[in-house]
Amino acid sequence: MSEVRLEAVDETMERILEFTSFQRDLLFVIAGSERASGQEVKAELEDSTGESILPGQLYPNLDELHEAGLLRKSNRDGRTNDYALTECGREVLAELCRWQCAHAQTEEFSDVQVPEY
């Protein structure tokens, strides 16, 4: 890997690590849909984790990801916002996936293929 690419990866990983695991989970859920309302994201995370998510936890985190340039926020109907990953959000999430896969390259996970983005 070139030195320039390594620097970019290091900067991206620094940025990723600034976010909480909950915020990273939000990025993964939003990446799985073309556009998702906050309630749809909340329902998916609650179904996946079995834990309740309060609006006071959800919406400030979505706003922080939006302000960081990782999410696009659009108004659906005057009351509901939709969220989608920005290009920067996709790049950050792809780097996180690469990092996770690289650290899971053990004999136990030897059948897992690391995608090239």
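The accessible area of R15, taken with all protein chains in place and a 1.4 Å probe, comes to roughly 70 Å². Subtracting the Cα-Cα distance of E67 and A94 from their residue separation scaled by 0.36 nm leaves 7.8 nm. If R0 is taken as 30 Å, the Cβ-Cβ distance between T86 and E51 corresponds to a FRET efficiency of 0.65.
The values are calculated or read from the model by the stated rules, or taken from the named source; none is laboratory data. Not measured: the values here are computed from a predicted model. Because the Cβ atoms are built from the backbone with ideal geometry, glycine has one as well, and the counts that use them run over all protein chains shown. Quick note on the areas: whole protein, heavy atoms, side chains included, nothing else; ligands and nucleic acids left out. Shrake-Rupley method; radii C 1.70, N 1.55, O 1.52, S 1.80 Å.
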